[in-house]
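S.K.: Take a look at the following structure, please.
The values are calculated or read from the model by the stated rules, or taken from the named source; none is laboratory data. In this text the structure is predicted, and so the values were computed from the model without any measurement. Positions of Cβ are backbone-derived with ideal geometry, glycine not excepted, and every protein chain shown enters the neighbour counts. Protein only, heavy atoms only, side chains kept; ligands, DNA and RNA dropped before computing areas. Shrake-Rupley method; radii C 1.70, N 1.55, O 1.52, S 1.80 Å.
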Amino acid sequence: MPGIISSVIIASVSATAKVFVIGGIGYYAACRPKTSPILPPAAMTAISKMNFDLLVLPLIYSTLASSVTPQKLGSLWFILVSALSVISISYGVATLLGKLPFFRVENKIDFDALRIAASFPNILALPILIFPTLCEFSVVHDAFYLGDITVNGEGSPTEVEKYKSCVDQSNAMIFVYFFGWNFLFWALGYTTLVDIGSKRQISKAHSHGTIPDVPLDDSFDIRDEQISVDTSDTGGNNDRELQMTAGETMHTNELPVRESQNETEKNSCISFFVKALIKTISSPGFVAMILGFVTACIPPMQDALFEQGGILRFFGSAMESLGSASSSVGTIVVAASLVHQANEDDIEEAHNSNAEDNIMATSGSNIDCIAANTTLKRTPNVHCSILNEEQVVDNIDTRGSLARRSSLPQIGSMIRRRSSLALAAIRHRKPTVRMHSWFITSRLIVSPALICAVIVAMDCRGILAEIPDLAKMVVIINAGLPGAQLVVITLKSKGFTDSASIVAKVYLPSYLLSAFTIAAWTSVALFVSIPKDSGASFCR
């Protein structure tokens, strides 16, 4: 028993260390050389797209096509249901923990964005790097070998065959898990993120007295966010009559309007579900998955592509070679993106600070210029050309009020004070300690603990007797991974840079801390999933 425990711990630490060594390379590539990084921010989108389209898709197809059999398809339902359950439980955990006084996030928009981030773990780039390393250890591939690969159909399998079986099984489960993850993201995560980002843009625009520049999206109607304007202080009988008429009309039509709103909400939910299903089915990953299943269900085609000497072996080998590079490239992209996203807001803040200083200096010059022109009772001269057209008009209109003021320094003081408040507001857009503690506790500790407890309870009651032991390990490890990068990418792609910045800054420490939590949950998953010598689960 002590030997098994030490082997499990070594396997878990080695798999996690491998991930963070590759991630460290991505971090270095994003920072050095300082003047011209190997992976500059402008290249990240293109590299990420290249990795998924040219490397991950071949990996999905080759893994499913070469390892899945019609007999195994019946056991994959557990993975799909688990993906939906893990995300739902994670969402509920994040919501409940967010209600506690110590974890409560005051800003509701930040809370909603981070709650989605805490619900969707990074289940593609990290797992396909972790599981091959785990399968290298005999304590893992011996326990999960199903006897489906032997030498010429007879004899004992070799260590290489056991390793290949373990890797292929785990990757197939990861991609089925990804299908459920993808569906819930489009049904819940994407629409919620767009709504959150739109609300933040509108909130910022109203606070500055400007028109919100919100990217239009099917899931967000800007008319829902309109703010009514009270005109009761304008006076006049006509205004009062209009208000009374409007009030009577609203009271008369209240019930039909409410029924119409309920019907609209119902149709909206159905529309979200249908759109999520369409987006999932039409996504390249799902198409590659279906092609892999079709190939696996046609044994002659499967042999031609993936058996040695097959007539189409060159194509199958090319898909496998491309897919083998996807996990490393994906991890490098994740690490580099975290660095750029965390630094991007700091750079922008410095630019804003410099711009604010220039505005303050310009404002002081403009006030002096306006004062001189007011005293001389003439329009602004060429020395005031730094003012734009709107400022000139405003200054002409307010010339009389300026002349009545006893001292101009009060105006300069007011402008500087407001500028300082604006700068303070900009700098305040940083994650608080509560945000970090709540997100890390929810995503990396409580959610995986709850998922693990549910699986143990079901397994001890015999409910999972027909489920492959490897599937239990896949679900537990995926439940303990940090948040998905797609959340930040979605917010940025829609122009919601403020929300994306908050999520990215919360991600960075959570990814660093996950070096320890992933190793811990991987060890727990191995203990829970590896059967005893008798074949019984660990709790029996």
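S.K.: Out of the range 128-156, which residues are touching a helix residue (DSSP H, G or I) at 6+ places or on another chain (Cβ under 9 Å) and modelled with pLDDT under 80?
M.R.: Our first condition is that a residue be touching a helix residue (DSSP H, G or I) at 6+ places or on another chain (Cβ under 9 Å); within the range 128-156, this holds for 128-151.
Result: LEU146, GLY147, ASP148, ILE149, THR150, VAL151.
S.K.: Could you look through the range 427-483, keep only residues that are among the charged types (D, E, K, R) and more than 18 Å from the chain's Cα centre (by Cα), and pick out the one that is farthest from LEU84 (Cα to Cα)?
M.R.: We begin by selecting, within the range 427-483, every residue among the charged types (D, E, K, R); these are 427, 429-430, 434, 443, 459, 461, 466, 469, 472.
Remaining after also requiring more than 18 Å from the chain's Cα centre (by Cα): 427, 429, 434, 459, 461, 466, 469, 472.
Working: ARG427: 38, ARG429: 33, ARG434: 28, ASP459: 19, ARG461: 22, GLU466: 20, ASP469: 19, LYS472: 15 Å.
Restricting to residues being among the charged types (D, E, K, R) and more than 18 Å from the chain's Cα centre (by Cα), the top hit is ARG427.
S.K.: Would you mind telling me which numbered condition in (1) open to solvent by 10 Å² or more (accessible area, probe 1.4 Å); (2) of a type in the set (Gly, Ala, Ser); (3) in a helix (DSSP H, G or I) SER447 fails?
M.R.: With (1) open to solvent by 10 Å² or more (accessible area, probe 1.4 Å); (2) of a type in the set (Gly, Ala, Ser); (3) in a helix (DSSP H, G or I) applied to SER447, the lone miss is (1).
S.K.: Given the options SER6, SER48, name the one that is surrounded by fewer than 16 Cβ atoms within 10 Å (Cβ to Cβ), of a type outside the set (D, E, K, R) and in a helix (DSSP H, G or I). Show your work before the answer.
M.R.: Working: SER48 fails: surrounded by fewer than 16 Cβ atoms within 10 Å (Cβ to Cβ).
Criteria check complete, one pass: SER6.
S.K.: ALA500 is checked against (1) crowded, with 20+ Cβ neighbours inside 10 Å; (2) modelled with pLDDT of 95 or more and fails just one. What number does that condition carry?
M.R.: (2)
S.K.: Hey, another quick one. Can you tell me which of (1) within 27 Å of PHE179 (Cα to Cα); (2) open to solvent by less than 50 Å² (accessible area, probe 1.4 Å); (3) part of a helix (DSSP H, G or I) is the one SER75 doesn't meet?
M.R.: The failed condition is (3).
S.K.: In the range 301-316, which residues are within 37 Å of the chain's Cα centre (by Cα) and surrounded by 17 or more Cβ atoms within 10 Å (Cβ to Cβ)?
M.R.: GLN302, LEU305, PHE306, GLY316
S.K.: Residues that are without any contact (Cβ under 8 Å) to a residue 12 or more places away in the chain and either over 21 Å from the mean Cα position of the chain (by Cα) or within 28 Å of ALA504 (Cα to Cα) (or both): list the helices (runs of 4 or more DSSP H) wholly contained in the range 85-179 that include at least 1 such residues.
M.R.: Details: elements: 108-119, 127-135, 138-144.
Hits in the range 85-179: 108-119.
S.K.: Cβ-Cβ under 9 Å, sequence separation 6+ or interchain: first residue in the range 515-531 and closer than 10 Å to VAL8 by Cβ, partner charged (D, E, K, R). Which pairs?
M.R.: As it stands, the answer is ALA525/LYS472; ILE530/ASP469, since those pairs meet every condition given.
S.K.: Still on this structure: From the list VAL19, VAL13, which one is surrounded by 13 or more Cβ atoms within 10 Å (Cβ to Cβ), in a helix (DSSP H, G or I) and within 25 Å of the chain's Cα centre (by Cα)? Steps first, answer last, please.
M.R.: Details: VAL13 fails: within 25 Å of the chain's Cα centre (by Cα).
So the residue among VAL19, VAL13 that is surrounded by 13 or more Cβ atoms within 10 Å (Cβ to Cβ), in a helix (DSSP H, G or I) and within 25 Å of the chain's Cα centre (by Cα) is VAL19.
S.K.: May I pose another question? Out of VAL456, VAL488, VAL528, VAL474, report the one residue that is β-branched (Val, Ile, Thr), within 16 Å of SER119 (Cα to Cα) and in a helix (DSSP H, G or I).
M.R.: Working: VAL456 fails: within 16 Å of SER119 (Cα to Cα); VAL528 fails: within 16 Å of SER119 (Cα to Cα); VAL474 fails: within 16 Å of SER119 (Cα to Cα).
Selected residue: VAL488, the only one of VAL456, VAL488, VAL528, VAL474 that is β-branched (Val, Ile, Thr), within 16 Å of SER119 (Cα to Cα) and in a helix (DSSP H, G or I).
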